[in-house]
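Everything below concerns the one structure shown next.
The values are calculated or read from the model by the stated rules, or taken from the named source; none is laboratory data. Here the structure is a predicted model, which means the values were calculated and not measured. Glycine gets a Cβ as well: all are built from the backbone with ideal geometry, and neighbour counts include every protein chain shown.
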């Protein structure tokens, strides 16, 4: 997978993209990512990329031409899937991240100030994506969230697929509780089932605990799932239907 990110702050992104799981996957060639400074593509001698909006609203708006010049130079005739990180977009979900992980070429546009001129969205953007119903200073943090979420599902990023398939939201449920050593901490003991070594029973316990955790913390997620009779019995047992 190839990912290009158009931003005013490439150094901010590069630091994160070179670290931890994402950085290791990048080094191994699981995916490639390049951050492009939009200021490098303006014709303004002061490297300005923004101007005041045609309205009484305060703030500055990113201009079309620098963004478009950056896009054309980077894509060089290719047609990547273009994503604009925006609070007006559809909220990023694990399912959408999974779908994006199947693509070969993604171009991410990070807005700043009051956003970007609407005409550049109409000209090059395929979809707008939000990471939540709140507003941030720019699109850089959302872009990193998107890249991290997508890259961890690429083959070769994690040692095994179940490293992410068991995680919250992948199958519609929250993740089951997890424990590590010591076996007893502050008089709290690791559940006996996890010490049993009985794989089938452990898997059953994990599913049950995932159901319970979802019912407690995010009950609205259960409304989207087709629960089996066994699942409903588990919820009824804990009075969580």
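General remarks:
- Residue count for region 10-23, restricted to those that are crowded, with 18+ Cβ neighbours inside 10 Å and touching a residue at least 40 places away in the same chain (Cβ under 8 Å): 3
- Region 30-58, subset in contact (Cβ under 8 Å) with a residue 40 or more places away in the chain and within 28 Å of the chain's Cα centre (by Cα), residue nearest to residue 104 (Cα to Cα): 31
- Of all the criteria given as (1) outside any helix (DSSP H, G or I); (2) more than 30 Å from residue 96 (Cβ to Cβ), the one not satisfied by residue 227 is (2).
- Subset tally (residues that are surrounded by fewer than 16 Cβ atoms within 10 Å (Cβ to Cβ), in contact with a helix residue (DSSP H, G or I) (Cβ under 8 Å, 6 or more places away or on another chain) and more than 30 Å from residue 92 (Cβ to Cβ)) for region 169-201: 5
- Residue selected from region 74-97 under the condition over 17 Å from residue 121 (Cα atoms) and loosely packed, with under 15 Cβ neighbours inside 10 Å, by the criterion nearest to the chain's Cα centre (by Cα): 93
- Qualifying position, being closer than 12 Å to residue 174 by Cα, surrounded by fewer than 16 Cβ atoms within 10 Å (Cβ to Cβ) and either touching a strand residue (DSSP E or B) at 6+ places or on another chain (Cβ under 6 Å) or free of Cβ contacts under 8 Å to residues at least 40 places away in the same chain (or both), among 230, 208, 220, 226: 220
- Beta carbons closer than 8 Å, at least 6 apart along the sequence or on distinct chains, pair a first residue in region 184-205 that is assigned by TED's automatic domain parsing to the domain that holds residue 173 with a second that is at pLDDT 95 or above and loosely packed, with under 10 Cβ neighbours inside 10 Å for 190/184.
- Residue identified as without any contact (Cβ under 8 Å) to a residue 12 or more places away in the chain and either within 19 Å of residue 94 (Cβ to Cβ) or surrounded by 18 or more Cβ atoms within 10 Å (Cβ to Cβ) (or both) among 158, 141: 141
Here is a yes/no grid of residues against (1) farther than 30 Å from residue 102 by Cβ; (2) touching a strand residue (DSSP E or B) at 6+ places or on another chain (Cβ under 7 Å); (3) assigned to a helix (DSSP H, G or I):
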| site | (1), (2), (3) |
| --- | --- |
| 137 | yes, no, no |
| 181 | yes, no, no |
| 194 | yes, no, yes |
| 197 | yes, no, no |
| 214 | no, no, yes |
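- When region 98-124 is filtered for residues that are over 13 Å from the mean Cα position of the chain (by Cα) and over 22 Å from residue 63 (Cα atoms), the ones remaining, listed by number, are 102, 103, 104, 105.
- Index of the failed condition, residue 46 passing every other in (1) under 30 Å from residue 23 (Cβ atoms); (2) not in a helix (DSSP H, G or I): (1)
- Note on region 49-73: residues that are exposed (fewer than 15 other Cβ atoms within 10 Å of the Cβ) and outside any helix (DSSP H, G or I) amount to 8.
- Restricting 233, 215, 229 to those that are farther than 18 Å from residue 94 by Cα and in contact with a helix residue (DSSP H, G or I) (Cβ under 7 Å, 6 or more places away or on another chain) reduces the list to 215.
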